[in-house]
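> Sending over a structure as structure tokens; questions will come in a sec.
The values are calculated or read from the model by the stated rules, or taken from the named source; none is laboratory data. Everything numeric here is computed off the predicted structure, so don't read it as measured data. Reconstructed Cβ throughout: ideal geometry from the backbone, glycine too, with neighbour counts over all protein chains shown.
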Amino acid sequence: MSMEIDVTDPEYELVWPREIFKAELGSLLAHPGQVGTEEFVFLLEEAFAGGTPAADLRAHAAMKRGQSFGQGWSPTRDQSSDEVFMRSLLQQADSLRAPGQRAPYWHENQRTPPKQPAERSFQESWARIVSELADRGYFARIVQYCVDDDRGGEYGYDFVAAEMEEAIDRGTGLKVEWWPLRSGTAFLEEDILYGLVERLFELVTRPRHRHLHDFGGCGWDYSNFYRPTGQALYAWKVNEVFQRLGLPLALEANRGELHGRLVRVMDAPQQDLIRTANRSPDESIRGRVTHAIDLYRQRTATIDHKRSACKNLADILENRKKTVLQNELPSSDQSDIFQIANRFGIRHFDAGQRLDYDPAFLDWIFWSYLNTINLTEDLIERRVTSQASAGS
């Protein structure tokens, strides 16, 4: 069963990225009967700019509850009506207006350079992000203030701060003496700042349930935490700041060796190439390509990291030399592909190899080899399609 929802209503404008909203809602709906109205309302209040989606869900649930009283209403029946509403919203999610679809503001068109160093501007914006998430319970899985907790009641917010500072320090050696972060926090050295950005990615989780604890002015108590959504939202917010300030970094939220680490940003064509070149059905090939990309993209990549990345890609091409390239390219073209890797101290360190070349060549070699791997994927797919057509 589904229903039509007017997603053109301006109140149905997302403040979350559409894909994060769809993933979180899909995850909640994957457990029918285990999520109640309040969890769905909490999600709608967080993910949308206006209060109408949450109000519509409550009204829908109330209407269904009223209709069901004469039929022997039960909580299970009411709960299923919530799921009908939310599944319908998920089906129409691609029509929702998402962040970034608005016209730019005047000041954004002027492209005025920041009045202070970009790193300082980044820290202030990042501290605001962390503070806002902390206020909404995104770090409450570690510790949260509650007047009913003996420790919280005795030490109050100082207890929360101490627990968070210890959690940040654990396993990282990052010493902080201030929690929650505020935009006025003293400026940190770059390495410490970026280390904290990565560490808080590991600690952030989205609470799916909240309970208003009004005794003693306690406020919301949070529970039922879900890490993937919290991390995805945190990374999205951080990366928006990097992009706005023109800093060539991004927090990697996708799974892999660099999950939760800052990486160097690639332009759109390079990102497309990374995606298409790493599509082999052979898991071992995908693993090698992923490893090479991760080596190359890491923020602190050295010349040796880049050289190793190029060597990994060259090894893949060597593997495909006889199975793919030999059948598709003249021998002279095949040798040209490997000439650079063999002559310029990438694959071997023979006496005849050159080691004094400009490291900038490694960037060109990396993208050239990744493009060639993409070509071999095209050739393999074409051969498979041709064989399938011949056999039919």
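> Pairs only if they're at least six apart or on different chains, beta carbon under 9 angstrom, first in the stretch 128-143 and over 17 Å from GLU165 (Cβ atoms), second part of a loop (DSSP other than H, G, I, E, B) and of a type in the set (Lys, Arg); list them, first residue then second.
Note: pairs meeting the criteria are ARG128/ARG182.
> When only residues in the stretch 94-120 that are within 25 Å of the chain's Cα centre (by Cα) and at pLDDT below 75 count, which is surrounded by the fewest Cβ atoms within 10 Å (Cβ to Cβ)? Spell out the reasoning first.
Keep residues of the stretch 94-120 that are within 25 Å of the chain's Cα centre (by Cα), which gives 94-104, 108, 118-120.
Applying the additional criterion that residues be at pLDDT below 75 yields 100-104, 108.
On the way: GLY100: 9, GLN101: 10, ARG102: 9, ALA103: 6, PRO104: 8, GLU108: 10.
Looking at residues that are within 25 Å of the chain's Cα centre (by Cα) and at pLDDT below 75, I get ALA103.
> Identify, please: which residue in the stretch 1-57 is charged (D, E, K, R) and over 23 Å from TRP236 (Cα atoms) and is, among those, surrounded by the most Cβ atoms within 10 Å (Cβ to Cβ)? Walk me through how you get there before you give the answer.
Taking the stretch 1-57 and keeping what is charged (D, E, K, R), we get 4, 6, 9, 11, 13, 18-19, 22, 24, 38-39, 45-46, 56.
Next, only the ones that are over 23 Å from TRP236 (Cα atoms) stay: 4, 6, 9, 38, 56.
Numbers: GLU4: 8, ASP6: 10, ASP9: 14, GLU38: 14, ASP56: 18.
Taking the candidates together, the pick is ASP56.
> Please go through (1) within 27 Å of VAL204 (Cα to Cα); (2) surrounded by 18 or more Cβ atoms within 10 Å (Cβ to Cβ); (3) at pLDDT 70 or above for LEU90 and return the number of the only condition it doesn't satisfy.
Checking LEU90 against (1) within 27 Å of VAL204 (Cα to Cα); (2) surrounded by 18 or more Cβ atoms within 10 Å (Cβ to Cβ); (3) at pLDDT 70 or above, the one that fails is (2).
> Another question, if that's okay. Quick check: is even one residue across the stretch 163-184 within 20 Å of the chain's Cα centre (by Cα) and at pLDDT 85 or above? Write out each step before concluding.
Let us first name the residues in the stretch 163-184 that are within 20 Å of the chain's Cα centre (by Cα), namely none.
Within the stretch 163-184, none of the residues are within 20 Å of the chain's Cα centre (by Cα) and at pLDDT 85 or above.
> Please identify the pairs in which a residue from the stretch 189-203 that is touching a residue at least 12 places away in the same chain (Cβ under 8 Å) has its Cβ atom under 6 Å from the Cβ atom of a residue that is of a type in the set (Val, Ile, Thr), counting only partners at least 6 apart or on another chain.
ARG199/ILE168; ARG199/THR172
> Then there's this: State whether one or more residues within the stretch 40-50 are farther than 15 Å from GLU83 by Cβ, in contact with a Phe, Trp or Tyr (Cβ under 9 Å, 6 or more places away or on another chain) and in a helix (DSSP H, G or I).
So far as the stretch 40-50 goes, yes, one or more of its residues are farther than 15 Å from GLU83 by Cβ, in contact with a Phe, Trp or Tyr (Cβ under 9 Å, 6 or more places away or on another chain) and in a helix (DSSP H, G or I).
> Considering the stretch 300-314 alone, what residues qualify as being farther than 13 Å from PHE361 by Cα and in contact (Cβ under 8 Å) with a residue 60 or more places away in the chain?
The one that is farther than 13 Å from PHE361 by Cα and in contact (Cβ under 8 Å) with a residue 60 or more places away in the chain: LEU313.
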